Amino acid sequence: MATAGAQVRETTSPTVKQFSVFLLNKVGALLEIIRVLNESQVHVIGLNSQDSTDSALVRIIVSDPEAVEQIFDLHEVKFLTCTRSPTASQRYWWLRCGK
């Protein structure tokens, strides 16, 4: 039951930008992406890979999403982005690491 003059505080979850990169399934393809990011002082925070016999879909969460968009454009890396809300355990880790 709401009381007169009560204020409603809206809470929002932190969000994380995730990059999806399509790679050919060949030796060194993922390493090349990681090297390009490391050369620009961007750290990979999370990575997931789903591969098949000829290709792989790699999902990456990085320390500097804005820089990665520019880096991928510069190096002609094809990518998609989506914004995700982390789960409760991921939020705990995120807060504990000072993000």
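Its Cα centre serving as origin, segment 16-96 has a Cβ charge dipole (Lys and Arg +1, Asp and Glu -1) of approximately 420 debye. Ordering 59-69, 14-24 by mean Cβ neighbour count within 10 Å, with the highest value first, yields 59-69, 14-24.
FYI, it's all coordinate maths here, none of it is from the lab. Please read these numbers as outputs of a predicted model, since none were measured by experiment. For neighbour counting, all protein chains shown are included, and Cβ atoms are generated from backbone atoms with ideal geometry for every residue, glycine included.
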